[in-house]
Structures are given as structure tokens and as C-alpha cells.
1. Here are some pairs, 73/100; 155/198; 148/179; which of them have Cα atoms lying more than 18 Å apart in this structure?
2. Quickly rank 121-130, 62-71 as a protection proxy: mean count of other C-beta atoms within 10 Å, highest first.
3. Under 5 Å between amide hydrogens, which residues at least 5 positions from residue 174 or on another chain qualify, with H placed 1.01 Å from N in the peptide plane?
4. Mind running the shape call on the range 69-134? Use the C-alpha gyration tensor, a ≥ b ≥ c as the square roots of the eigenvalues: rounded below 1.5 for a/c, prolate if a/b tops b/c, oblate otherwise.
5. For the range 120-203, what is the relative contact order in percent, using Cα pairs closer than 8 Å and at least 6 residues apart in sequence?
6. If you add up the charges near residue 184, with Lys and Arg at +1 and Asp and Glu at -1, over every other residue whose beta carbon is less than 13 angstrom from its beta carbon, what do you get?
Amino acid sequence: MPAFRFPRMGTEPSASGGAPPSGPRMAISPGGGGFWRNAIIVFLAVVVIYLAYFWTIRREVVSPGEVLVLIKKNGNRSLPDDQIVVPRPSDLNRDSAAYKQWDKEYGDCNGILEQVYLPGTYFNFSPFDYERIIVKLSDTNADIPQGKVGVVVRKFGKPLDPGQVLADESRGQRGPLAKTLTPGTYFEYANTYAYEVKLADAV
């Protein structure tokens, strides 16, 4: 009578009477699919958060009849003396030397920027770096009506020389400028922190 043998754990006798498989059977499933799926989900979440940050936080909409005034607050130093307005930079393409001189004096200063930004949508002024102020033209005299002229008073810059009445804009002086504005809209003088426009009858 032949001896009966118990099969090894995890094996089955062969139907043909041959030798059973040498080891236990194992089910192998691919392990990389979960990693890439999670990576894609994280990537999409970052993109959505980044776009939401730009659209809800960085976006600033300036409507018609308005201008945007910026106060820079991420610089490393303050303006000299009693100045609070950063003059507009020179045109780099027209006068690179003047622009480099401006950048040396004011490029890293905190303060109210002289230049204004016209109606449109802006994404490049983070509220962490700039304080953003919307100014309505109706609250200024930068829109000169018919029958009137505008006298511009510059609020920032060097004081006038003794006996001087009109400011020399080329010297960066503060005071009434030696020019009048005819009827029309002058966005560059809508920054009420930097300029005051006084209306007078055109005679």
C-alpha cells in the first residue's frame, strides 16, 4: 500500500500526478498607479489655489472714470527728509542714464507712487507689497470742464527758492506749476496725494 503524503502548504497536487509547483502562488498588483494619481491630484489642487489667489487677492479692477494709486510698502528704506511721494521713473528706452539715476535714488524706497494706472484689470500688484487705492476722477479736478482752466499745484519735491513763486518741474520743485490745463481729462494729475488741481474761469 503506497504511503499517503500531505501536500505542502500553499500547493496542490497535480492532476496528472506530476510534481506540485515549487512554491506558493501569489497575486501581484501594480503599485505605481496610486502614487501618480495622488501626484496629479496635488498638482491640480496647487494650480487651482494659485489661480484663485490671483483672481480673488491680486486682481484689482479699475473702472472707467477711475485711476489706481499705489503705496509701495515692500522697500528697504524710506524717502529722505519729509518726502512721501516717489517720483515717476524716467523712460528706460528714451533715457537709460536718467532711469538708472532714478533707480539708485528711489528704486527701493517706500512711499506713494506718483504715477497712476488707468482703467483696466491688474494682477501684478500684490496687496502684501502695495496698498492699492482707487481714486474717482469725480473726486478730483483732473477732468477740466468747458469754460474752465486748471492750475496744477505739485505737492512733493524740493521747496521753492527764496522769492520764487512758480515751481520748476524739471528741478523737481513743489508748488504751483507754470502751466494751465485746458478743458479735457488729465489722468496724470488725478493722484490727489501728489497734485492738486484748482479750477479757474477761462478769461
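1. Details: 73/100 21 Å; 155/198 13 Å; 148/179 14 Å.
From the list (73/100; 155/198; 148/179), the Cα-Cα distance tops 18 Å for 73/100.
2. On the way: 121-130: 12.4, 62-71: 17.0.
Descending packing order for the listed peptides: 62-71, 121-130.
3. 158, 160
4. Details: a/c = 1.92, a/b = 1.20, b/c = 1.60.
Oblate.
5. Details: 140 pairs, mean separation 31.6, N = 84.
Relative contact order here is 38 percent.
6. Details: positive: 148; negative: 143, 188.
That works out to -1.
Every number in this text was worked out from the coordinates using simple rules, so none of it is lab data. Remember, predicted model here, so these are calculated numbers, not experimental data. A quick note on method: Cβ atoms are made from the backbone with ideal geometry, for glycine too, and the neighbour counts reach across all protein chains shown.
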